Amino acid sequence: MTVPLSVLDLSPISAGSTAQQALRNTIDLARHAERWGYHRYWLAEHHFAAVAGSAPATLIGLVAAATARIRVGSAAMQMGHHTSASVVEAFGTIDALHPGRLDLGLGRSGHRGARYAAAAEPKGSRPESDSTAGHAVIRDGVVVPPPFDWNRIVDRSKSRAALAALQQRGAQPPDFAEQVDEVCALLDGTFTGADGIALHAVPGEGAQVQLWLVGSSAGESAEIAGRHGLPFAAAYHIAPGTALDAVAAYRAAFRPSHHLSRPYVVVSADVVVAVDDTTARHLASTYGHWVYSIRSGSGAADYLDPDTTAPLTPEQLRLVEDRLATQFVGAPTTVVDRLRALRQATAADELLITTITHRHEDRLKSHRLLSEAWRSAQGLSR
């Protein structure tokens, strides 16, 4: 079975660089990814952090215009910050100009769910929980650490401030399942608004957009994706402790639909490839600092230069060790072997590769080396 590779780009900002350069790097990487045979190019949505992908629909349109064949999409639109109609109209607009190339990935992030409820509580209002209790297990050759406990976030004040800035005061985001229903109806032309009045998204209705759900646990997103017969993307790169369970839950909930006759799964992985293991480990050595900046509560920081950055302290390492243990770092053959194990353990139809390095040239090289090695391992030629 031929398993395609796709790219997930967070549009990271490196220390000493700018958001403008990060966006130019995204366009450049997308062009190279298309040349190297990657199947999809997905863009994330993040806010108030040192990543430039805060407006994914805008950036998706720019990437689609800069490329010719590669599928382009979101992973994922944070639906707590958007209405269903605004998302469908935005993607319908891009599809009108680049028909048949768009993937619309929806995610629960941004809803006032459990994570934000926890963020609103004063620190110390609930018992401390240590996600390092227990040990990582190897499941079919894949590292599965204990699930990260979000109560360990050191400072939640920025999360509260960001949520307040991104949503209208006093507004409550609609139920995620209802939003998925609305998006489906708007695309299909069956949507009715208040008082049963038919409304038609123009552009949007009838758009050749492939709808996806993106999730990281055996929760609502996996269940909704399965129930609707939609493809599902599991975020192993974010939640390695629960992503495999998310895939299992999706498959268990799956019902055939006009979208799919069988489950279709993409699994993400954080990857750094270089000419040898030692070089790759050096390039990836500040990844822990970047994850720590997120989990300390300050938000993703500028990605540091490994040549000038001191190692994390043992206390800092304890907060990020699950992500370090599940990053795929090494020479091409090293990484390909581990990715094949991830694919085998999840029966993934595709793998979604995200790579962050301080230098854009190193990120390009990582994707090129991986593409070449993956194609060779599958007996493919250019």
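The values are calculated or read from the model by the stated rules, or taken from the named source; none is laboratory data. Not measured: the values here are computed from a predicted model. Note that we place each Cβ from the backbone using ideal geometry, even for glycine, and neighbour counts take in every protein chain shown.
Among the conditions (1) under 30 Å from Glu315 (Cβ atoms); (2) at pLDDT 85 or above; (3) outside any loop (DSSP other than H, G, I, E, B), the only one that Tyr116 does not satisfy is (2). Out of all the residues in the range 195-246, which are within 24 Å of Phe91 (Cβ to Cβ), among the hydroxyl-bearing types (Ser, Thr, Tyr) and assigned to a loop (DSSP other than H, G, I, E, B)? Result: Ser216, single match. Once the range 219-267 is narrowed to residues that are touching a Gly at 6+ places or on another chain (Cβ under 6 Å) and either touching a residue at least 40 places away in the same chain (Cβ under 8 Å) or of a type in the set (D, E, K, R) (or both), the residue that is nearest to Val142 (Cα to Cα) is Ser221.
I'd like to know if the range 316-328 contains one or more residues that are outside any strand (DSSP E or B), within 24 Å of Gly73 (Cα to Cα) and either of a type in the set (Phe, Trp, Tyr) or modelled with pLDDT of 95 or more (or both).
yes
Between Ala49, Ala68, the distinction of being surrounded by fewer than 23 Cβ atoms within 10 Å (Cβ to Cβ), assigned to a loop (DSSP other than H, G, I, E, B), of a type outside the set (Val, Ile, Thr) and at pLDDT below 95 belongs to Ala49 only. Scanning the range 83-98 for residues that are surrounded by 20 or more Cβ atoms within 10 Å (Cβ to Cβ) and either at pLDDT below 95 or of a type in the set (Gly, Ala, Ser) (or both) yields a count of 3. Per the listing Ser298, Ser293, the residue uniquely under 20 Å from the mean Cα position of the chain (by Cα) and part of a loop (DSSP other than H, G, I, E, B) is Ser298.
Being in a loop (DSSP other than H, G, I, E, B) and under 25 Å from Thr308 (Cβ atoms) is the filter here, so list the residues in the range 1-45 that pass it. Passing the criteria: Leu10, Ser11, Ile13, Ala15, Gly16, Ser17, Thr18.
Would you be able to tell me the number of residues in the range 219-233 that are under 9 Å from Arg255 (Cα atoms) and β-branched (Val, Ile, Thr)? Residues meeting the conditions: 0. A Cβ distance below 8 Å, combined with a sequence gap of six or more or placement on separate chains, defines the contacts here; from the range 22-33, residues that are free of Cβ contacts under 8 Å to residues at least 60 places away in the same chain reach residues that are crowded, with 19+ Cβ neighbours inside 10 Å and in a helix (DSSP H, G or I) in the pairs Leu23/Leu59; Thr26/Leu59; Thr26/Val63; Ile27/Val63; Ala30/Val63.
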